[in-house]
């Protein structure tokens, strides 16, 4: 077996992690539930424990394709990759451990959280999901876009089409306007005139008074481009055949994520995408509104998100790789402050001072951001204590607050009620620290409560 054979790739790890229990589990899974690939779980668990001990094991290639790990086309498999990859928005952390998974190829890195794109240099990721350099100007969806410097995002404006010099007038009887894509520029349209498709049938007059073209019963009659009309064999009081018309049938339903919208000059409404349609790996579909994020209920480490960039809906799937658990990183239990539940011992620990994010619109002078932006704030517990001093015969106090230690200036595009747009600058918290603060002395009427920490 792969655990105990002389040529086992796990051989170097045996002095650090005893393989007996995992070998027994592998044999049981393979025999009790054949062809289920459950034996891969014990191998994967043993390899992860080896990685925690600093022993890298590239084992999947020795399983004869029984335990493969498939990666997306833009990523490569690594048996011993970094716990946290460096991104455009996150600097390298002092992490020495390893973890297997799918990573960006050598010479590239992930663009950032929520955008599953590997880039060589940091810049912007356009609505076409392609990386762009700072200052790069490009066209997408008949819009001219620019990647703003400093990570401020992308701004797009519709391309302007020249006025048609020889635009015809289709007011003559039997003609109607036809709008087509310009052969010179697919982003612009041109207008031409077209005749309604109908024919005159000349027959022998039925009477001296009827010396004009007539239509044979059962033949189509052109009346309205949104209706199908037919000449019937029934006659009215004038002795002429009656024409019946039926409206052209239109689609009444759209696929999930789409809604019917009226289109000017068209007979039927069209299905327009209003939400992101995310195809999950289990053949199910998830519908998300712009700005909405949702965790996979079967896998809490997979996050699906939907963003709207200048009217273009973009969906993204992100997988969170968790670092190894280290007991030394845990804080002492306290009765005060903000707490986090540790799943390993079911105890509550205070959350440290750190940067937290909320997603909301920015409003300034009546103008509002087109899309929701990430707003940052400082939140978490800091060291605060009261200690009795025998020398001063009083209580000594020390207070510290979770405050911003480093900020940067961001820009966002706002739209105003008058139709104009403006660039608004706002502060973005980059780092938070526990900073000393003056403790307020309680009044004589205040009740002091001291509790052990």
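Values quoted throughout were computed directly from the atomic coordinates according to the rules given, and no laboratory measurement underlies them. Note that the coordinates shown come from a computational prediction; the quantities given were computed from them, not determined experimentally. As a convention, Cβ positions derive from the backbone with ideal geometry for all residues, glycine included, and neighbour counts pool all protein chains shown.
Which whole-number percent is the relative contact order of region 258-319 (Cα, under 8 Å, 6+ apart)?
23 percent
Where in region 386-417 does the amide nitrogen come within less than 16 Å of the point 7 Å from the Cα of residue 433, taken along Cα to Cβ?
400-408
Using 0.36 nm times the number of residues separating residue 175 and residue 76, minus their current alpha carbon distance, what extension gain do you get?
Additional length available on full extension: 29.6 nm.
Using the basic label-point model (7 angstrom from Cα toward the beta carbon), what is the residue 351 to residue 426 distance in nanometres?
Each label point is offset 7 Å from its Cα along the Cβ direction, giving 2.0 nm.
Once R0 is set to 60 Å, what does the formula 1/(1 + (r/R0)^6) return for the Cβ-Cβ distance between residue 106 and residue 191, expressed as a FRET efficiency to the nearest 0.05?
0.65
Over all directions, the average projected area of the alpha-carbon convex hull for region 117-164 comes to how many nm²?
For the Cα atoms of region 117-164, the hull's average projected area reads 3.5 nm².
How many percent of Cα pairs in region 11-138 exceed 20 Å?
56 percent
If r is the Cβ-Cβ distance from residue 406 to residue 271 and R0 is 41 Å, what FRET efficiency results, to the nearest 0.05?
0.30
In nm, give the distance between the simple-model label positions of residue 38 and residue 294, each being 7 Å from the Cα along the Cα-to-Cβ direction.
Calculated label separation equals 3.1 nm.
Report P(r) for region 258-319: all Cα-Cα distances, bin width 10 Å, range 0 to the bin holding the largest distance, values in whole percent.
Histogramming region 258-319 at 10 Å steps yields 21, 42, 23, 10, 3 percent.
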